[in-house]
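In what follows, a single structure is set out as structure tokens and then discussed.
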Amino acid sequence: MEKIETTFGLLLANVQQLETRLATHFYDALIEQNVSYLGKAVSEDLQQRNEQLRALNLTKQEWQKVYQFALIKGAKDMHLQANHQLTPDAIGYIINFMIETLSTETNLSILELGSGTGNLAETLLTSMSDKALTYTGFEVDDLMIDLSASIADVMQTSAQFLQIDAVRPQVIEPVDLLLSDLPVGYYPDDAIAQRSVVGSQSEHTYAHHLLMAQGFKYLKADGYAIFIAPSDLLSSPQSDLLKKWLQDYASVAAVITLPEDIVTENHTKAIFVLQKSAQGKAPFVFPLISLTNPEIVQSFMTQFRQNMI
């Protein structure tokens, strides 16, 4: 842990100096720091700290921890909207376990919709030991794309991030697994939204509904989608449109409600596991009331295996 703290201190010093020098915000300065780390810094003291960082020879897992601390600090400093907050590592590890359980393949293609800071991507890429992942992230926000891509460059992971509005149709090879910490809110383009089977004809459509339906088009038959969404997903406004889509295109394999302290925009969250298949057995439902209590987490993992394999 001391190595992580030392690295974070050096990184933070450079980022804060760049914030002042460039009169910019934390995340922009972090991008500039990542660029300077891989090249040449703009001043001698920045270069000196970068040399100290290189000398620490961090593993990918250690870099991931450092960047998570940096992203959390940046989110607080910048008062980011909920949809730009990073997906916590604890949830990333749960999703990692789910993927390991659901797929026996050693080579796995993953598409993440709304990849944001890239923290969930890097959690998976650095912690999944027995699978070779081909990861692609779709993200519409240019700042998030630059940030996640610059972090992947420093960490030397294989993550690919593309600036794409994931609601609009794309031509890509079908993937084994679909993933999204769904951004919650209304999609602004009614003309695009109304082409979707979940599109409302009378008002703005929920963006998270549109992402689910569009994302399924990129998923292989019988493939799984793991969505982090509001726990009232199936009872909220416009849920009738979503449930009609589910009946025709997907089966709900599992619903894992998350602890009450994981809340964004006044929504408690749940993990919904959907399969691109005909309606199957009743979904596995589990109230995961703690992500830190080992007994509760172990009980969840045991029951998930029993019900999903």
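The values are calculated or read from the model by the stated rules, or taken from the named source; none is laboratory data. Values in this document were obtained by computation on a predicted structure and should not be read as measured data. All Cβ positions, glycine included, derive from the backbone under ideal geometry; neighbour counts span all protein chains shown. Protein only, heavy atoms only, side chains kept; ligands, DNA and RNA dropped before computing areas. Shrake-Rupley method; radii C 1.70, N 1.55, O 1.52, S 1.80 Å.
Overview of values
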| item | result |
| --- | --- |
| Per principal axis, descending, Cα span of the range 96-138 in whole Å | 27, 16, 15 |
| Rounded, prolate or oblate (a/c below 1.5 giving rounded, otherwise prolate when a/b exceeds b/c) for the range 1-111 by Cα gyration tensor | prolate |
| Heavy-atom accessible surface of the chain: percent carbon and sulfur, 1.4 Å | 50 percent |
| Environment charge at Leu120 (Cβ cut-off 14 Å; Lys +1, Arg +1, Asp -1, Glu -1) | -4 |
| Bins of 10 Å, starting at 0 and running to the largest distance - Cα pair percent for the range 177-299 | 13, 43, 33, 10, 1 |
| Amide H contacts under 5 Å for Ala254, placed H, 5+ residues apart | Val273, Phe284 |
| Leading residue at positive end of dipole, the chain (Cβ point charges), from Ala75, Val255, Ile164 | Val255 |
| Equivalent ellipsoid dimensions for the range 25-180 as semi-axes, Å, which come from the Cα gyration tensor, largest first | 27, 18, 14 |
| Value at 222 nm in deg cm²/dmol, rounded to 500, when DSSP H runs of n ≥ 4 in the chain each add -39,500 (n - 2.57) | -14500 deg cm²/dmol |
| 13 Å beta-carbon shell around Leu242, net charge (K/R +1, D/E -1) | -1 |
| Within the chain: Cβ-based charge dipole about Cα centre, in debye rounded to nearest 20 (Lys, Arg +1; Asp, Glu -1) | 620 debye |
| Mean separation of Cα contacts under 8 Å (6+ apart) over length of the chain, as relative contact order % | 13 percent |
| Hz values of 3J(HN,Hα) by residue in the range 128-134 - Karplus curve (6.51, -1.76, 1.60), Gly and Pro given as x | 8, 8, 9, 10, 8, 9, 9 |
| C-alpha long axis of helix 89-102 to longest principal axis of the chain, angle in ° | 50 degrees |
| Listed values [x] 25, 48, 24, 2, 0; [y] 26, 45, 26, 3; [z] 32, 56, 12, 0, entry calculated as P(r) over Cα pairs in 20 Å bins from 0, in percent | [z] |
| Out-of-range pairs (alpha-carbon distance over 31 Å; input Lys76/Lys276; Lys73/Lys243; Lys65/Lys131) | Lys76/Lys276; Lys73/Lys243 |
| 5 angstrom amide H check on Ser231, placed H, neighbours 5+ away | Thr268, Lys269, Ala270 |
| Accessible area in square angstrom per residue, the range 100-162, 1.4 angstrom probe | 35 Å² |
| Percent RCO, i.e. relative contact order, over the range 176-309, from Cα pairs under 8 Å lying at least 6 residues apart | 22 percent |
| Solution diffusion estimate, µm²/s, Stokes-Einstein, the range 130-187, Kirkwood Rh from C-alpha pairs, 20 °C, viscosity 1.002 mPa s | 165 µm²/s |
| Label-point separation in nm, Glu44 to Thr257, each point 7 Å along Cα→Cβ | 6.2 nm |
| Per-residue ³J(HN,Hα) for the range 285-297, Karplus 6.51 cos²θ - 1.76 cosθ + 1.60, θ = phi - 60°, Hz, x for Gly and Pro | 10, 9, x, 7, 7, 8, 9, 10, 7, x, 5, 5, 5 |
| Selection from Ser150, Met128, Thr104, by position along the positive dipole direction of the range 102-170 (Cβ) | Thr104 |
| Charge context of Tyr135, other residues only, Cβ under 13 angstrom, K/R +1, D/E -1 | -3 |
| Counting DSSP beta bridges with both ends in the chain, the antiparallel % (nearest 5) | 40 percent |
| Sequence-distant residues sharing a close amide H with Thr134 (under 5 Å, placed H) | Leu108, Ser109, Ile110 |
| Heavy-atom accessible area ranking, 1.4 Å probe, most first, across Val171, Val35, Val66 | Val171, Val35, Val66 |
| Separation between Cα centres of the range 106-167 and the range 181-199, rounded to whole Å | 23 Å |
| Calculated from backbone phi, Karplus (6.51, -1.76, 1.60) coupling profile of the range 168-174 in Hz, x at Gly/Pro | 7, x, 10, 9, 9, 5, x |
| Computed label-point distance, nm, for sites Thr6 and Asp222 using a 7 Å Cα→Cβ extension | 5.1 nm |
